[in-house]
Structures are given as C-alpha cells and as structure tokens.
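Below is one structure, written out as structure tokens; comments come after it.
The values are calculated or read from the model by the stated rules, or taken from the named source; none is laboratory data. What you see is a predicted model; the values in this text were computed from it and never measured. Using ideal geometry, Cβ is built from the backbone for each residue, glycine included, and neighbour counts are taken over all protein chains shown. Heavy atoms of the whole protein, side chains included, go into the accessibility calculation; ligands, DNA and RNA do not. Shrake-Rupley method; radii C 1.70, N 1.55, O 1.52, S 1.80 Å.
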Amino acid sequence: MGYNTDTRKLTLTATLAAVYVVFRAIPIDQLIGINGTITAAGMIAPVIGILLEPAYGIVAVFTGTMVASLFPWNPIKFAGLDFLPGALNVTLVSLAVRGRRTEATLMFLVTIALFIINPYTSIFVGSGLLSPPIPYLWMHLAAMIVLVSPLTKNLATSITSHHYSSLIRPVAVLAFTGTMLEHLTGGILFATVVGKGALKFWSVIFVVYPIERTILVIGATLIGAALLSLLRPTVVEKSLGTVKLAATSPIKYVSEPDD
C-alpha cells in the first residue's frame, strides 16, 4: 500500500512539474527594475498545492523553475533562488487546504517581517504618489486577513465537491493568499539582489502589482477550478480524501491505524 502511494505521489509530482514548466514559459508582464518577466506559473500553483503535500510541491516547483530557466526569455534572475516565490505559494496552499492554517499563517507573518526589516524595501509609498502614506503591503495584509478568516476552514471538503461552481470560492481564496505570499517573497529577493537601487522602484511596483496579482488570481481560479473539476474522481479524492475524512470524523480517523 505504501509503495503504491509513494509511486503515485512521485508520478503526480513529475507530471505537475512538467505542467509548471509550461505555465512558467508563458510571460504575463515585464518585471520592474530587473530583466525578466512575470509568468503564468502562479495560475497553476494552487492546483499543485492542492494535489501535493508541501515537500512534493516544493520539488515540483523547483524542478519546473530550473527547466523553464532554459528558455532564453526566462533566465535565472535571483542567484538561483528563483524557485522560492513559487515554492512558498504552493506550500501555503498545501498547508491551508490540509487544515494546517497555523503553520501557513506563521509562514506569512515571517515573510512579512523579513520584507519589513530589509533595508532596501519601502513600507509606505503614498507620499511619493502625491497622497497620504499608503502601506505598500496593503494587499498582502488583506490576504493575511483572508488566511486567518473562516474562508480557509474546511477547504478540502469544498474542493472535493462534485460541482464546478462550488470550486470557485475555495480556489480563489487559495489563489489570492498564495499569490500574495509569492509576490512578497519576490519582493524580498528583488531588494536583496538589486540592493539600494531597488528603493526607487517601489512606488511604481505599488501601482502595478495589484493589477498583475488580480490577473493571476482570476486565471488561477478559472484554470484551477476547471482542472480540479475534471480530475476530482481520480486524483483530487486521493490527494485530499484523508484530510476530508479527518474533518468530518476526526475521532474515527485518529483511531484508525495506518496501512
């Protein structure tokens, strides 16, 4: 039983890594302040996080990122750490959908703290836009509120639903929280690699990033809900079946021995 389960996870990881390569090869917008593009990889990240446990998800994203970097328009930009934003996105989604909201929240808080203490990031940018100071992290803080809200409870039950319409809300919630953590991590890498020169770009990024993240969330929701609806009978149930069982009958689940 264990051998078959491990084989299924490894096969699924390899498959999703290949899918991640395809999405990471699709440019969405130009990066600001550094050569490179924002890709559509974030649109498939929620599906990877839902279907894979955190460790397997990280492997899929790392592999996909390295392979996709072979495309001439998508080179490595952050000293080999380009996989980190996507990896944290997938990890947060995987933790949240498996009911490990405390770990997901702590990860988000630590990342926010790392962004704030970085000397080359900006916390308030509104004064540079002829307006009262506005927190650069306003959208990230909104995602944090969503993460700790009732919206992220019992996500596995909703995701294993038979109806496409029932998948929209949970996938949108996961896509939003995941993509904002990904953006935050990318900002830390940008500040670290570019250094002092990054300070002059934050006000421009502040104006653009909500549009980019909204596009990614919409794309991730539509694509993710469609894929999960198609895969549910064979893949999603096996990936989240035990999580759903634990949510509906925790005493029975805990008392049953492992295979």
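Counting only C-alpha contacts under 8 Å and six or more residues apart, can you give the relative contact order of region 82-169 as a whole percent?
Reported relative contact order: 27 percent.
Identify which of Arg100, Arg213, Arg24 has the largest mean-square fluctuation in a Gaussian network model of the chain, with springs joining Cα atoms closer than 10 Å.
Arg100
Considering only Lys153, Lys196, Lys238, give the residue with the highest GNM mean-square fluctuation for the chain, with springs between Cα atoms whenever their separation is below 10 Å.
Lys196
Treating the beta-carbon of each Lys and Arg as +1 and of each Asp and Glu as -1, no other charges, what is the dipole magnitude of the chain about its Cα centre, to the nearest 20 debye?
The dipole of the chain has a size of about 260 debye.
Roll a 1.4 Å probe over the protein chains and send me the accessible area per residue for region 31-180 in Å².
Value returned for region 31-180: 41 Å² of accessible area per residue.
Taking all protein chains in place and a 1.4 Å probe, what share, in percent, of the accessible surface of the chain do carbon and sulfur account for?
70
Three principal axis extents, largest first, for the C-alpha atoms of region 66-201, in Å?
Projected onto its principal axes, the Cα set of region 66-201 covers 50, 43, 25 Å.
Could you give the angle, 0 to 90 degrees to the nearest 10, between helix 202-231's Cα long axis and the longest principal axis of the Cα atoms of the chain?
Compared with the principal axis, the helix lies near 20 degrees.
With each label point set 7 Å from Cα along the Cα-Cβ vector, what nm distance links Asn118 and Leu10?
3.6
With a 10 Å cut-off between alpha carbons and a GNM built on the chain, which of Pro135, Pro54, Pro46 moves the most?
Looking only at Pro135, Pro54, Pro46, the largest GNM fluctuation is found for Pro135.
For region 17-40 and region 131-150, write down the distance between their C-alpha centroids in whole Å.
Going from one Cα centre to the other spans 25 Å.
Pairs of alpha-carbon atoms within less than 8 angstrom and 6+ residues apart define the contacts here; what relative contact order does the chain have, in percent?
23
Between 0 and 90 degrees, rounded to the nearest ten: what's the tilt of helix 101-117 against the longest Cα principal axis of the chain?
Between the helix axis and the principal axis of the chain, the angle is about 10 degrees.
From the C-alpha coordinates alone, can you work out the Kirkwood hydrodynamic radius of region 132-172, in Å?
For region 132-172, the Kirkwood estimate is 11.9 Å.
Please work out the Cα convex hull volume for the chain and give it in Å³ per residue.
So the per-residue hull volume is 123 Å³.
Enter the accessible area of Met107 (Å², nearest 10), with the probe set to 1.4 Å and all protein chains included.
Here the accessible area works out near 40 Å².
Report, in deg cm²/dmol and to the nearest 500, the calculated mean residue ellipticity at 222 nm for the chain, where each DSSP H run with n ≥ 4 adds -39500 (n - 2.57) and the sum is divided by the residue count.
Calculated at 222 nm, the ellipticity per residue is -22000 deg cm²/dmol.
Before anything else, pin down the relative contact order of region 8-93: Cα pairs under 8 Å, at least 6 apart, normalised by residue count, whole percent.
35
Quick one: of Lys77/Lys153; Lys77/Lys196; Lys9/Lys77, which pairs are farther than 27 Å apart, Cα to Cα?
Lys77/Lys153; Lys9/Lys77
Between Ala18 and Ala142, what is the label-to-label distance in nm when each label sits 7 Å out along the Cα-to-Cβ direction?
According to this spin-label approximation, the distance is 3.8 nm.
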